[in-house]
Amino acid sequence: MIDRATVDRILDAARIVDVVGEFVTLRKSGVNYKGLCPFHDDRNPSFMVSPSKNICHCFVCGKGGTPAGFLMEHEQMTYPEALRWLARKYNIEVVEKELTDEEREAQNERESMFIVNEWAKDWFHDTLKNAPDGVAIGLQYFRSRGIRDDIIEKFQLGYALSKRDALCSDAIAKGYKKEFLVKTGLCIENERGIYDRYSGRAIFPWLNVSGKVVAFGGRVLDSRTKGVAQKYVNSPDSEIYHKERELYGIYQAKKAIAKEDRVFMVEGYTDVIAMHQAGIENVVANSGTALSVYQIRMLQRFTQNITLLYDGDEAGIHAAMRGTDMLLAEGMNIKVLLLPDGDDPDSFARKHSAEELRKYIEQNQTDFITFKTRLTVQNVEDPVKRSEGIGGIVQSISVIPDQILRSTYLTDLARRIGMKEQTLIAELNKRVRKNMEEKEKEMERERYRTQSPQTLPETKQVAPPSPEKPDVETRYAPPSEGGAVGVTSPLQGGGGSIELLLLREIVRHGEEVIFDNLEADDGSTLSVTVAQYIDADLSADGLQFSQPLYQQMLQEAVAHCGEKDFKAETYFCRHSDMQVSRLATRLAIDRHQLGKRFKIDNDEEDEKEKRQQDKTARLRQRVQHLVMDYRLSIMEQQLKSLKQQLRLANSNVEQTMSLLKTFKETKELRDILAKRLGSDLVV
């Protein structure tokens, strides 16, 4: 690991103009620099580089960041790799943190396994190209599948000799330990001795997102597949490889995925290779395993858009169906394309040119609503099966986190199947509530497992009066029926645009004191920063930002506010989490800035102090106003939710009266807060 002091030296030395300038032609624009964005097809310079803030940002696609963040995005590097790149550029010696004996042993073991795998990859590849059996059997197999030599090199394909201990004997002779040959899964050891796992098979190396060899897949050749139970043999799970966390082809595809802003998901190795050969490189395979959250989140580093590309038989349909809900729950935008029956991506790509393949995909991929409707509802006469099909689609919609998208899909479904939208809304709300209950139960189980129970916020609390503001009692009672379409529970927050404005204040001014010398209960005095004020005000009513990332950044700002020299903007822009860094950069940078000749520079201390006081007063007023705006937006959402519940209550008199009472109380509080905001508006 790189020690913290070295990381700080690297980040302090790195200059955004130097780093971006190696990849983008920049020109001066006031105090900043501008250039064509390298992350999208930019015709008018929209990529802004700010030397003073040491960050960059595209005002069209939103990408950018610090020097390290830019490298991570542009070169698809990990954070440590970006730091080492910067260290080399600025001639900074990288000092690794002193590890404990246990950490050093574990690290050495992992490194040894990577070294053995790298050697094995080269051995398989050299055997394919140079050994007589490799050329006659292995290379002939790949060429019979139409795979070109340049693609063989790109994926480092190989061949394992049929002799049962060929690789093992060579490895031990070269000084590699038997222990690591077994741990990586290259060899199998039992009472009869040690022998190769992949003998006589075509070899497909698995490279992780950083390009390290983590595993291998071995395929029995065509002449031997008849009657063979296992056509493919893959590496077992190990210290460096867990199948549910890896995707075949991700290393070769990651730049194309980021550039195209879409990934194609196929089933097998040869599907990936055939697509690359046809000129489509933004493709990966999960190789027969059920799609996992780890794999989805890896893809989200590069894109939110995915097309499931499978053959049209029963197995392909099942593969497309099983990952849909998980992808939707993680916020991915899904399209599905089933190829003509009898074709898989491999065979289809070999029959068509790159242009024909792209055109076919573009014309025939459909959103998941169309796909599921055609599959489970369209032309289904049996009422029970039709109902089950509709229920399955509504369940898929219910897991989508974006409420507007959820509502849009539901409207589309109602139109397609000719059913009243209100009926589908009622069913969707039931499923949303059930999903929320299941998540809460899972969270409770997780808290119980970790033995760190957390106290849930009360549903009714009185917020303390804001400093320099008249007392206003603000109580929040959650609606009796939660989770309606387009509604966020008050306890979870809401008002996305206002949340973003509050977060901007946290990023830009989180550490700045806006209340000084406040008297505490014990008679001492204390100072309150922007981040502390926002956190305390919202926490008083059990409120938090609806976006987990926003909430995380607020909590980190509060946690670090007491540290000497802490500056929120620098901290968040330099954050190792690329999501945090990218968002902070977007909030920190201004599209337009004054040039040097417009800067006011008054050396008189009295004037400087007065300007600082005025600035603090404006900041305090702005933050207080935003917090009240945020509370008002939550109340507005609650009123919308209550109205919808009143419509659904129908003839239930008791429930209707309870909802009306809650609606009246909430509206009165909303009106009081709106009046305060109207008389205290900051222009």
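The values are calculated or read from the model by the stated rules, or taken from the named source; none is laboratory data. Everything numeric here is computed off the predicted structure, so don't read it as measured data. As a convention, Cβ positions derive from the backbone with ideal geometry for all residues, glycine included, and neighbour counts pool all protein chains shown. Accessible surface areas use protein heavy atoms only, side chains included; no ligands, DNA or RNA. Shrake-Rupley method; radii C 1.70, N 1.55, O 1.52, S 1.80 Å.
Of note:
- When the stretch 219-237 is limited to residues that are modelled with pLDDT of 85 or more and not in a strand (DSSP E or B), the one that is least open to solvent (accessible area, probe 1.4 Å) turns out to be Ser235.
- Leu337 vs. criteria crowded, with 19+ Cβ neighbours inside 10 Å and more than 28 Å from Gly62 (Cα to Cα): yes
- Residues in the stretch 267-325 that are among the acidic types (Asp, Glu) and buried (at least 21 other Cβ atoms within 10 Å of the Cβ): Glu267, Asp271, Asp311.
- Residues that are buried (at least 19 other Cβ atoms within 10 Å of the Cβ) and hydroxyl-bearing (Ser, Thr, Tyr), drawn from the stretch 571-585: Tyr571, Ser581, Thr585
- Of the candidates Ile273, Ile306, Ile240, Ile257, the single residue that is in contact (Cβ under 8 Å) with a residue 40 or more places away in the chain, of a type in the set (A, V, I, L, M), within 23 Å of Ala202 (Cα to Cα) and outside any loop (DSSP other than H, G, I, E, B) is Ile273.
- Selection from the stretch 544-569 of residues that are open to solvent by less than 40 Å² (accessible area, probe 1.4 Å), closer than 18 Å to Pro401 by Cα and in a helix (DSSP H, G or I): Leu549, Tyr550, Gln551
- Taking first residues from the stretch 139-152 that are in contact (Cβ under 8 Å) with a residue 60 or more places away in the chain and partners that are of a type in the set (Asp, Glu) and open to solvent by 20 Å² or more (accessible area, probe 1.4 Å), the Cβ contacts under 7 Å between residues at least 6 apart in sequence or on separate chains come to Tyr141/Asp222.
- Strands (runs of 3 or more DSSP E) contained in the stretch 144-218 and holding at least 3 residues under 26 Å from Phe302 (Cβ atoms) and open to solvent by less than 10 Å² (accessible area, probe 1.4 Å): 201-207
- In the stretch 49-71, the count of residues that are farther than 26 Å from Val507 by Cβ and surrounded by fewer than 20 Cβ atoms within 10 Å (Cβ to Cβ) is zero.
So that you can scan it fast, the table gives a plain yes or no per residue for (1) modelled with pLDDT under 85; (2) closer than 27 Å to Gln304 by Cα:
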residue: Ile55; (1), (2): no, yes
residue: Cys58; (1), (2): no, yes
residue: Ala68; (1), (2): no, yes
residue: Thr78; (1), (2): yes, yes
residue: Leu83; (1), (2): no, yes
residue: Arg88; (1), (2): no, no
residue: Glu93; (1), (2): no, no
residue: Glu105; (1), (2): yes, no
residue: Asn108; (1), (2): yes, no
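- Of residues in the stretch 32-45 being open to solvent by 20 Å² or more (accessible area, probe 1.4 Å) and in contact with a Cys (Cβ under 7 Å, 6 or more places away or on another chain), the one nearest to Lys89 (Cα to Cα): Phe39
- Total residues in the stretch 1-29, condition of a type in the set (Gly, Ala, Ser) and farther than 19 Å from Thr585 by Cα: 1
Residues are listed down the side, and each one gets a yes or a no for (1) open to solvent by 60 Å² or more (accessible area, probe 1.4 Å); (2) touching a Leu at 6+ places or on another chain (Cβ under 9 Å); (3) touching a residue at least 24 places away in the same chain (Cβ under 8 Å); (4) under 30 Å from Arg262 (Cα atoms):
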| position | (1), (2), (3), (4) |
| --- | --- |
| Val7 | no, yes, yes, no |
| Leu11 | no, yes, yes, no |
| Glu22 | yes, no, no, yes |
| Leu26 | no, no, no, yes |
| Gly30 | no, yes, yes, no |
